[in-house]
Amino acid sequence: MNGAFNVRDRDILAICRDELGCGILLKVISAEEGNVILIERSDGTGRIRIGKGLVGEVDRIVDLVGIGLEVVDIKEGSDCPVAVESEEGSGEVYLGAYYNEKKVLGIRERAFSGCTSLSKVELGNVERISNESFKNCTNLKTIKNGRYTNFSEGMFKNTGLTTVTYYADRIPNYCFADCHNLETVNVVNTAVYVGSESFGNCSKLKSVVFAQGAGTEYIYERAFKDCVALENITLPDATFIMEANAFEGCIKLTNVTFNQNTNISKNLGSIFTDCNSLSEFTVNENNTYYKSLEGLLLSKDGKTIILAAPNNDYKNYTIPQGVENIYEGAFAAINSLETLTITSDVKTVGAHAFENCVNLTTVTLPQTLITIYDEAFSGCEKLVLVENIDSLNVFAPYVFANTGIKTITIDNAVINEGAFSNTALESVTLGSNVEIGKLAFANNLKLVSATVLGSTIGSYAFENCEVLTTLEMPNVEVINEGAFMGCKAIATVNLPSIEVVGDYAFANNSSLATINMGSVVRIGSYAFATIGKNNSNLLSVIELDNVEYIGSYAFSRAFNLKNVSLGDNIVAIDSYAFEACEALETITFGFDSEADDCTNTISECTFTDNYSLKTVNVTGLNKIDPAAFLNCNSLSSIDLSKVEEIGEQAFYGCSSLKVADS
C-alpha cells in the first residue's frame with residue numbers, strides 16, 4: 001500500500017490490540033528525527049504514528065498483515081516517542097528511550113498477548129503498561145527492564161522466560177505466574193511488594209535471591225505457590241509482612257536464608273504450607289533479630305520461637321524451657337505435630353501459631369496465665385482435647401475454629417468472634433460470667449445441646465447449628481441478631497427472662513413449634529421468619545402479653561401459625577410483620593395509646609396474603625396503611641369505629657369482610 005498523508009506533531013500514548021487478535025508482530029521500522037512513520041493494517045485500519053514529523057507529506061508506509069492493532073490514543077504537544085521494532089523475522093520489540101529521551105508512554109491491556117513469535121522485549125522506562133500485556137507469549141525468553149519500568153498484573157504470565165533480573169519497585173499479582181521455564185529470579189532493588197501468585201506455579205524455578213540491601217514491605221499470599229523445584233530462597237533484606245501460604249507447595253524447598261536486615265514484622269499464617277523438605281534456616285551472622293537452632297528460628301535472645309522448619313519430627317513436642325513467646329504462625333501447617341505441651345514459661349501464643357496442624361490431637365495448656373491470639377489453633381481438625389482450657393479467660397477470634405473438640409465447659413471467660421465455629425462440638429456448657437461474642441459457636445453441625453447461664457447471646461452466636469435440639473437459657477435477657485438463625489432442629493424456645501429478641505434471631509428454624517417468652521418486650525425484624533425457600537416453622541399459637549414492638553417480617557411466612565395474642569401494650573408493628581401467614585385465623589392485640597411513641601397504626605402489608613384470617617380484635621387503632629390486609633379473603637370482621645385513615649388497597653381482595661362501624 002502506498003500513498004501520502006498529512007500529519008501533525010503527536011505523541012503515541014499506547015500500543016494496543018483489537019478484537020481481531022495479534023497475528024505477527026511489527027516489522028522493522030526506522031525512525032529518524034524529522035520523520036513520521038505511519039503503520040497500518042493491510043485493510044486500512046489500525047493506524048499508528050511513530051516518531052516526530054513536521055506538517056507535510058510522508059510517503060513511507062509499511063504494509064502489515066494481521067497485526068491486530070486498534071487506533072491508538074494520541075495527544076498534541078510534546079516530543080514524540082519512538083518505537084523501534086525487530087529486524088524482520090527475529091520477533092523482537094524495543095519500547096522506550098530512543099533518542100533525546102523520547103519514549104513510548106504506555107502499552108494497553110493484552111497488547112501483545114498471545115504473540116507466540118515474540119522472543120525478546122526491552123522495556124526501558126515505559127511509564128504505563130496495562131495488565132496481561134505479554135501474557136501467553138510462550139517463546140518470550142528475555143526481557144530487559146529498568147528501575148522505573150512499570151510492571152502490571154499478569155504481564156508475563158505463561159511466557160517462556162528462563163531468568164529474571166528484576167529492578168522495578170514492585171512485583172504485581174500473577175506477573176510471572178505459570179512461567180514453566182523460569183529457573184532463577186534475582187531481585188536487585190527494593191520492591192514495595194511481591195504480589196499474590198506473582199511467581200505461582202513456576203514449576204522449574206530453583207532459586208530466588210533478594211540481593212544484599214534489596215528489601216520489600218509485603219509478600220502476599222501464595223506469592224511462590226507450587227514452585228515445586230524451588231530449593232533455596234534468600235529473603236528480602238528488610239522488615240516486611242508475610243501473608244499465609246506464601247510458599248505453599250514448594251515441596252523441594254530445603255533452606256531459607258535470612259539476610260543481615262531480614263525481619264518478619266508480621267506473619268499472617270501458614271507461610272510454608274506443604275514445604276515438607278524445609279529443614280533449616282540460615283541466618284546471617286550480623287542479623288540483629290534472629291538466630292537458628294536445631295530447625296528453629298529464634299529471636300536473638302532465644303525467648304521467642306519465630307518459625308519451626310516443617311521437616312523436623314515434632315511428634316510429641318514440649319515447648320523448650322526458657323521460651324516465653326511463640327510467634328504468630330511459628331508452627332503453622334506442620335504435619336508431624338501430634339501432641340503439644342506448652343510450658344509454664346510461655347506467656348503468649350501468637351496468631352496462627354499452630355494453625356492447620358492437621359495431625360495435632362492433644363494440647364496441654366499451662367495453668368498459669370497465658371494469652372492466646374487469633375486463630376492460633378484454627379484448622380487443627382483432629383484436635384479433640386485441650387487440657388486446662390478453663391484456665392483461659394479470653395478466647396481470641398477463631399482461636400479453636402475448625403477443630404475436632406467435642407465438648408467444653410467454661411465458667412468465666414470472654415468468647416470472641418468465631419472462637420469455636422465450625423468444630424465437632426456436641427455439647428456446650430457456659431457459666432453465668434461467660435460473654436458470648438459474634439459467631440462464637442456458628443456452623444457447629446454436630447452440636448446437640450447448649451446450656452447458657454449468662455444474660456446475653458451475641459450476634460449469630462449459634463447460627464446454622466442444624467442439629468441443636470436442647471437449649472437451656474434460663475437467665476437470658478437479650479438475644480442478638482441471628483443468634484439461632486438456621487438452627488433447624490430447635491422445637492421449643494423456653495426463655496422466661498427474655499426481653500429482647502434481635503433481628504433474624506430464630507429465622508429459618510423449621511422445627512420450631514413452641515415459644516415461651518412471656519417477658520419479651522421487643523421482637524426484631526425477621527426474628528421468626530422463613531426466608532427464601534426454607535421450610536416454614538411449626539408455630540401455631542403465639543401468646544406474648546408484654547410485647548411492645550414487632551419488627552418488619554418478624555413472623556413472615558409462618559405457614560402453620562393459627563392464633564396470635566399480643567396483649568394491650570403494642571407501640572408499633574412494622575410492615576409485613578405477619579405477611580403470608582397462610583393458616584392464621586385470629587389475631588388479638590391492643591395499642592398502648594398512652595405511650596409517647598405509639599403509632600396506633602397497622603403498617604403497610606402487615607397481614608397481606610393471610611388467606612385464612614377471619615377475625616381481627618384490635619383496640620386503639622387509628623390508622624391502617626396501604627395493603628395492610630391485602631388478599632385476606634376470609635376476613636369477616638374488624639372494628640373500624642375509631643379509625644381515622646385507611647390507605648390504598650388496605651382491604652383489597654377481602655371478599656368476606658363485614659365492617660362493624662359503631
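The values are calculated or read from the model by the stated rules, or taken from the named source; none is laboratory data. Computed from a predicted structure; not experimentally measured. Cβ sites come from the backbone with ideal geometry, for glycine too, and all protein chains shown count toward neighbours. With ligands, DNA and RNA removed, areas are computed over all heavy atoms of the protein, side chains included. Shrake-Rupley method; radii C 1.70, N 1.55, O 1.52, S 1.80 Å.
Within the range 623-634, can one find any residue that is more than 47 Å from the chain's Cα centre (by Cα) and aliphatic (A, V, I, L, M)?
No: zero hits.
Name the pairs whose Cβ atoms lie under 8 Å apart, with the first residue in the range 342-363 and under 18 Å from Leu307 (Cβ atoms) and of a type in the set (Asp, Glu), the second open to solvent by 30 Å² or more (accessible area, probe 1.4 Å) and assigned to a loop (DSSP other than H, G, I, E, B), and 6 or more positions between them or separate chains?
Final answer for the pair search is Glu355/Glu375.
Of the conditions (1) closer than 22 Å to Ile251 by Cα; (2) open to solvent by less than 10 Å² (accessible area, probe 1.4 Å); (3) not aromatic (Phe, Trp, Tyr), Ala168 fails just one. Which one is it?
The number of the failed condition is (1).
Across the range 173-193, what is the number of residues that are aliphatic (A, V, I, L, M) and modelled with pLDDT of 95 or more?
2
If you take the residues of the range 303-321 that are under 12 Å from Lys347 (Cβ atoms) and either open to solvent by 20 Å² or more (accessible area, probe 1.4 Å) or of a type in the set (Ser, Thr, Tyr) (or both), which of them is nearest to the chain's Cα centre (by Cα)?
Among residues in the range 303-321 that are under 12 Å from Lys347 (Cβ atoms) and either open to solvent by 20 Å² or more (accessible area, probe 1.4 Å) or of a type in the set (Ser, Thr, Tyr) (or both), the one nearest to the chain's Cα centre (by Cα) is Thr304.
Residue check: is Ile389 among the β-branched types (Val, Ile, Thr) and touching a residue at least 24 places away in the same chain (Cβ under 8 Å)?
Yes, satisfied.
With within 14 Å of Ser270 (Cβ to Cβ), surrounded by 15 or more Cβ atoms within 10 Å (Cβ to Cβ) and not hydrophobic (A, V, I, L, M, F, W, C) as the only criterion, which of Glu338, Glu328 stands out?
Glu328
As an exercise: evaluate Val185 against (1) outside any loop (DSSP other than H, G, I, E, B); (2) surrounded by fewer than 22 Cβ atoms within 10 Å (Cβ to Cβ); (3) not aromatic (Phe, Trp, Tyr) and give the number of the one condition it does not meet.
With respect to (1) outside any loop (DSSP other than H, G, I, E, B); (2) surrounded by fewer than 22 Cβ atoms within 10 Å (Cβ to Cβ); (3) not aromatic (Phe, Trp, Tyr), Val185 is out only on (2).
Of Phe377, Phe354, which residue is crowded, with 20+ Cβ neighbours inside 10 Å and within 13 Å of Thr423 (Cα to Cα)?
Phe377
Restricting the first residue to the range 544-559 and requiring it to be under 13 Å from Leu512 (Cβ atoms), which pairs with a second residue that is surrounded by fewer than 23 Cβ atoms within 10 Å (Cβ to Cβ) and of a type in the set (Asp, Glu) meet a Cβ separation below 6 Å and a spacing of at least six or different chains?
Phe559/Glu582
Would you check if Ala627 is under 29 Å from Gly532 (Cβ atoms) and modelled with pLDDT under 95?
Criteria not met by Ala627.
Looking at the range 132-152, can you tell me whether even one residue there is under 20 Å from Phe210 (Cβ atoms), in a loop (DSSP other than H, G, I, E, B) and under 28 Å from the mean Cα position of the chain (by Cα)?
There is at least one residue in the range 132-152 that is under 20 Å from Phe210 (Cβ atoms), in a loop (DSSP other than H, G, I, E, B) and under 28 Å from the mean Cα position of the chain (by Cα).
Suppose we keep only residues that are part of a loop (DSSP other than H, G, I, E, B) and among the acidic types (Asp, Glu) within the range 188-222. Which one would you say is nearest to Phe156 (Cα to Cα)?
Of everything passing the filter in the range 188-222, Glu197 is nearest to Phe156 (Cα to Cα).
Considering (1) at pLDDT below 95; (2) touching a Ser or Thr at 6+ places or on another chain (Cβ under 8 Å); (3) within 19 Å of Ile542 (Cβ to Cβ), say which one Phe578 fails and leave the rest.
Condition (1) is where Phe578 drops out.
Given the criterion of a type outside the set (Val, Ile, Thr) and open to solvent by 20 Å² or more (accessible area, probe 1.4 Å), identify the matching residue among Asn263, Asn259, Asn287.
After ruling out the rest, the residue left standing is Asn263.
Residue check, Thr368 against (1) closer than 22 Å to Thr304 by Cα; (2) modelled with pLDDT of 95 or more, all met but one. Which one?
So the condition that Thr368 fails would be (2).
Determine which member of the set Asn150, Asn139 is open to solvent by 60 Å² or more (accessible area, probe 1.4 Å) and farther than 20 Å from Ala246 by Cα.
Only one candidate passes the filter, namely Asn139.
For the range 488-531, name all the residues that are more than 20 Å from Cys581 (Cβ to Cβ), open to solvent by 40 Å² or more (accessible area, probe 1.4 Å) and in a loop (DSSP other than H, G, I, E, B).
Pro496, Ser497, Glu499, Ser519, Val521
Can you tell me which of (1) acidic (Asp, Glu); (2) more than 19 Å from Leu230 (Cβ to Cβ); (3) in contact (Cβ under 8 Å) with a residue 12 or more places away in the chain is the one Glu285 doesn't meet?
So Glu285 meets the others, but not (3).
Conditions first: (1) small (Gly, Ala, Ser); (2) in contact (Cβ under 8 Å) with a residue 24 or more places away in the chain; (3) touching a strand residue (DSSP E or B) at 6+ places or on another chain (Cβ under 6 Å); (4) surrounded by 24 or more Cβ atoms within 10 Å (Cβ to Cβ). Gly482 passes all but one, so which condition is the exception?
Status for Gly482: all satisfied but (3).
Per-residue answers, yes or no, for (1) among the hydrophobic types (A, V, I, L, M, F, W, C); (2) in contact with a Leu (Cβ under 6 Å, 6 or more places away or on another chain); (3) free of Cβ contacts under 8 Å to residues at least 60 places away in the same chain; (4) in a strand (DSSP E or B):
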{"position": "Val399", "(1), (2), (3), (4)": "yes, no, yes, no"}
{"position": "Leu430", "(1), (2), (3), (4)": "yes, no, yes, yes"}
{"position": "Ala440", "(1), (2), (3), (4)": "yes, no, yes, no"}
{"position": "Ala450", "(1), (2), (3), (4)": "yes, yes, yes, yes"}
{"position": "Ser459", "(1), (2), (3), (4)": "no, no, yes, no"}
{"position": "Asn464", "(1), (2), (3), (4)": "no, no, yes, no"}
{"position": "Gly486", "(1), (2), (3), (4)": "no, no, yes, no"}
